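Okay, so here's the structure we're looking at.
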Amino acid sequence: MTGPVKIIIGILIAVTALRIFLLLFERANLYFPMGRIEATPGDIGLAYEDVTITTADGIALNGWFVPSPGSRRGILFFHGNAGNISHRLDTIRVFHELGLNTLIIDYRGYGRSKGRPSEKGLYLDAEAACDYLAGRTEIDPASMIAFGRSLGGAVAVELAGRRDLSAIIIDSAFTSTINMSRELLPFLPARLIVTQKYDTLAKVGSLSIPKLFIHSQDDEIVPFSHGERLFEAASEPKSMHAMRGRHNEAFLLPENNYRQTLEAFLN
């Protein structure tokens, strides 16, 4: 083996190793799943059904269906990038009070769901959840709404482009992971290394259904500017509700009128 060939092989090995490292780094800093289910809707006095949903690529997802007796309206709840469904009981309670039949799922790799998270995989998870909810006899498929918080906002927007929904609520979402990477790690060539793009900004303008954007001006994780840009890029009908408070707490603060805002939009 000649010297130049060794150099080329060495470069290829180094590039491959760097690429693998960057992929692992990217996923480790995007997905923060927790396996342990710490509480259930039953702990806050809500009846629920533990469900298993199988995706188009054969992944078994765990979720909860929380019924609202007397209502045929359904909402799909896509949570953020950390924890699991057991950390979303406060929001589930709000949906129940608003008369919505709620389906919340754990993405692949989260909670009791199988598989490993990826952008393509989460989109398949959302499709499976939507098809499952539409197939339940309690639900009027024409009334279904998608709700996405943080990373879930990107999932909900993608789903709205693939399935017929009546409306979408986008809470504390980012424009894209490339833009987030540029702000958090400006020294890295984000466009060259980011593979999990979640480019919501490029998709939201094509949605013709009613859209509610919610974002806190004090959000320390996803800057308020991301919510503003998504709202500006969206077509009518649309509305924006600005809050105060931290990323994971603003919706709980009474002064933000979170429940009232959702109720007005739904009505």
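Derivation of every value follows stated rules applied to the coordinates shown; laboratory data play no part. On a predicted model such as this, the values are computed, not experimentally measured, just so you know. Virtual Cβ from ideal backbone geometry, glycine too; neighbours counted across all protein chains shown.
When you filter the GluC sites (Glu not before Pro) in region 172-267 for DSSP loop state and at most 10 other Cβ atoms inside 10 Å of their Cβ, you are left with Glu220. Over region 132-267, all Cα pairs binned in 5 Å intervals from 0 give whole-percent P(r) values of 2, 10, 20, 22, 19, 14, 9, 4, 1, 0, 0, listed from short to long.
The Kirkwood radius of the chain, taken over pairs of alpha-carbon atoms, gives through the Stokes-Einstein law at 20 °C and 1.002 mPa s a diffusion coefficient of 111 µm² s⁻¹. Magnitude of the charge dipole for the chain, about its Cα centre and with charges confined to Cβ atoms of Lys, Arg (+1) and Asp, Glu (-1), is about 840 debye.
The packing ranking, built from the mean of other Cβ atoms within 10 Å per residue, places the peptides 91-98, 234-241 in the order 91-98, 234-241, highest first. Taken over the alpha carbons of region 73-137 as equal point scatterers, the Debye sum produces base-10 log I(q)/I(0) values at 0.29 Å⁻¹ of -1.30. Computed over the Cα atoms of region 48-159, pair by distinct pair, the Kirkwood hydrodynamic radius stands at 13.6 angstrom. Note that region 101-202 shows a convex hull volume over its alpha carbon atoms of 108 Å³ per residue.
Taking every DSSP beta bridge that has both ends in the chain, the antiparallel portion is near 30%. Arranged from fewest to most other beta-carbon atoms within 10 Å of their beta carbon, Met180, Met144 become Met180, Met144. Helices in the chain, meaning DSSP H runs of at least 4 residues, each add -39500 (n - 2.57). Divided by all residues, the mean residue ellipticity at 222 nm is -11000 deg cm²/dmol.
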